[in-house]
Amino acid sequence: MGNLKVDIIPCLSDNYSYIVSDGNQALVIDPSESKPIINFLEKNNLELKFVLNTHHHFDHVGGNLELKNKYNILIAGNANDKERIPGIDILLNENEKFNFNMNSIEIINVPGHTSECIAFYIKNENIIFTGDSIFSLGCGRLFEGSPQQMWNSICKIKRLPNNTKIYCGHEYTMSNAKFIQSINNNTQIKLKINEIEDLRAKDIPTIPTTVGDEKELNIFFQADQDNIKSLLSKDFLTDEEAFKIIRSAKDVF
Ligand code: ZN
Ligand code: FE
């Protein structure tokens, strides 16, 4: 436990790629672009072994082929997304384990943002990489999936231990916090906004968050709560209906 090191690599305007290292061997999750990844690997004398992709969007796979040309690596992604993930070598399926040296990485399907989004869960380290499915205080836009699918994906994440660290694909925390405040203005979210402001002023990522913190603050995680449903409508809402209303409101926020 605690053998792996996670480094956050800011890419493009607000993406995060993650370098996971075990001694001097490394894998990278969602390399948006190759340059910042190569710089980090060289500076820290790391040997890149794998690229893991959460989904096919350009800002998550943009560095795949350049990294593959430069290093002796294998690229892993959802088997169902093999036509859309550049350079894919290893086809992953739900509940399968991907082994990185002695570390077992579990594949969890989290459709909604795209139909084939996956998350990488390292149980021994209490870490999950969620791509654009779950953000700190938010969730991804539904480009290919239904509200029902995304709500199910969120419920899978909610079932993980509260101390699970969540590493997501973008720095969207402040705008997500402001959206929550627009619906459910309370002391907790005000304090959180101050905290985010402090971090961002120093250019520090607000990532990782944890499953426990998201359950307390992330309104998308709370679509099954009566107090949230009553803020949305006078009528009785199912969890999925409440989630759909929140997601649609965020789309135009
Ligand atoms: Zn995306
Ligand atoms: Fe993205």
Next item on the list: Can you tell me how much longer the chain between D7 and E83 gets when fully stretched, taken as 0.36 nm per residue apart minus their C-alpha distance, in nm with one decimal?
Entry: 24.5 nm
Item checked: At 1.567 mPa s and 4 °C, Stokes D of region 97-244 from Kirkwood alpha-carbon radius, µm² per second -> 82
Margin query: Using Cα springs under 10 Å in a Gaussian network model of the chain, which residue among S133, S13, S34 shows the largest mean-square fluctuation?
Written below: S13
Notebook entry, point to check: Mean separation of Cα pairs under 8 Å and 6+ residues apart, divided by the residue count of the chain: what relative contact order is that in percent?
Noted result: 13
Checklist line | Residue-normalised accessible area of region 21-72, given per residue in Å² at a 1.4 Å probe | finding: 45
Next item on the list: Would you calculate the separation in nanometres between label points at N101 and N45, each defined as 7 Å from the Cα along the Cα-to-beta-carbon direction?
Entry: 1.4
Check: Straight-line reach from K229: which aspartates and glutamates have a Cα under 15 Å away, not including same-chain ones fewer than 8 places off?
Finding: D239, E240, E241
Notebook entry, point to check: Which cross-chain or sequence-distant (5 or more) residues have an amide H under 5 Å from the amide H of K165, H modelled 1.01 Å from N in plane?
Noted result: I127, I128
Next item on the list: Springs between alpha-carbon atoms under 10 Å, Gaussian network over the chain: tell me which of Y16, Y167, Y71 tops the mean-square fluctuations.
Entry: Y71
Item checked: Binned Cα-Cα distance frequencies in region 157-245 - 5 Å width, integer % -> 3, 13, 22, 23, 20, 12, 5, 2, 0
Next item on the list: Please report, in debye to the nearest 20, how large the charge dipole of region 5-251 is about its Cα centre when each Lys and Arg carries +1 at its beta carbon and each Asp and Glu carries -1 there.
Entry: 240
Note to self: Can you give the Rg/Rh ratio of the chain, where Rg is from the C-alpha atoms and Rh is the Kirkwood radius?
What the structure shows: 0.97
Notebook entry, point to check: Hey, any idea what % of region 5-251's accessible area is carbon plus sulfur with a 1.4 Å probe?
Noted result: 47
Margin query: Need the full-extension length gain, D203 to S233, defined as separation in residues times 0.36 nm minus the C-alpha distance. One decimal, nm.
Written below: 7.0 nm
Notebook entry, point to check: How much of the DSSP beta bridge set in region 1-152 is antiparallel, as a percent to the nearest 5?
Noted result: 70
Notebook entry, point to check: Taking N as the number of residues in region 122-205, what is its Cα Rg relative to 2.2 N^0.38 Å?
Noted result: 1.17
Checklist line | region 5-251 - share of DSSP beta bridges that are antiparallel (%, nearest 5) | finding: 65
Next item on the list: Provide, as a two-decimal number, the C-alpha radius of gyration of region 46-114 over 2.2 N^0.38 Å, N being how many residues it has.
Entry: 1.09
Next item on the list: Filter the cross-link list K35/K190; K158/K244; K156/K244; K43/K192; K5/K178 down to pairs whose alpha-carbon distance in this structure exceeds 26 Å.
Entry: K35/K190; K43/K192; K5/K178
Check: Can you list the HN-Hα couplings for region 213-227, worked out from phi with the Karplus curve (6.51, -1.76, 1.60; θ = phi - 60°), rounded to whole Hz and with x for Gly and Pro?
Finding: 5, 5, 4, 7, 10, 7, 5, 5, 6, 10, 5, 9, 8, 4, 5
Check: Which angle between 0 and 90 degrees, to the nearest 10, do you get for helix 173-183 versus the longest principal axis of the chain when only C-alpha atoms count?
Finding: 10
Margin query: Can you tell me which of K234, K215, K97 moves the most in a GNM of the chain? Springs connect C-alpha atoms under 10 Å apart.
Written below: K234
Notebook entry, point to check: Within the chain, which is the longest segment containing none of the GluC sites (Glu not before Pro) that sit in a DSSP loop and have at most 16 other Cβ atoms within 10 Å?
Noted result: 145-253
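The values are calculated or read from the model by the stated rules, or taken from the named source; none is laboratory data. It should be emphasised that the depicted structure is a prediction, and the values quoted were computed from it without experimental measurement. Counting neighbours? That spans all protein chains shown, and the Cβs are built from the backbone with ideal geometry, glycine included. These area figures cover heavy atoms from the full protein model, side chains too; ligands, DNA and RNA do not enter into them. Shrake-Rupley method; radii C 1.70, N 1.55, O 1.52, S 1.80 Å.
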